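First comes the structure, then the notes that go with it.
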Amino acid sequence: MSEKRIKFLFYKEYIKKNLSKKIKPIITEKAIFTNISNNYYTFIFPIYFNKKEISKYLQRVYRIKITKLHTNIYYKKKSNKRILKTTFSGKNRKFKKAFFKVKDF
């Protein structure tokens with residue numbers, strides 16, 4: 001097998017196993033309203049994805065053409081742990097929210 005073919009198969013398996021749990025669509029009232037009015041969709045991605053990788057992933061998995069793509073990085077809520085009268089506070093993991101517009105058919 002060629003090297004490109006091996007990389008493609010590895011990438012396909014990586015998408016199936018690891019990313020299906022981490023990449024999720026956001027279903028809220030605001031997201032649904034923007035979807036209906038402006039044809040925008042919102043997804044949560046891991047922090048290490050950049051815009052090119054996001055657009056490649058969406059085009060491969062959902063077979064759509066993206067016209068605009070915006071990303072924002074968010075922190076989850078602060079967590080406080082209390083152990084023997086001392087408190088430890090810190091931020092939890094980051095995640096990236098991607099807003100993208102789909103080309104009309």
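The values are calculated or read from the model by the stated rules, or taken from the named source; none is laboratory data. The structure presented is a predicted model; accordingly, all values stated were derived computationally and were not measured. Neighbour counts run over all protein chains shown; Cβ positions are idealised from the backbone, glycine included. With ligands, DNA and RNA removed, areas are computed over all heavy atoms of the protein, side chains included. Shrake-Rupley method; radii C 1.70, N 1.55, O 1.52, S 1.80 Å.
On the protein heavy atoms, probe 1.4 angstrom, tell me the percent of accessible surface of the range 22-69 carried by carbon and sulfur.
Details: 1990 of 3500 Å².
For the range 22-69, the apolar C and S fraction of the accessible surface comes to 57 percent.
Summary of packing: across the peptides 58-65, 95-102, the per-residue average of other C-beta atoms within 10 Å ranks them, highest first, as 95-102, 58-65.
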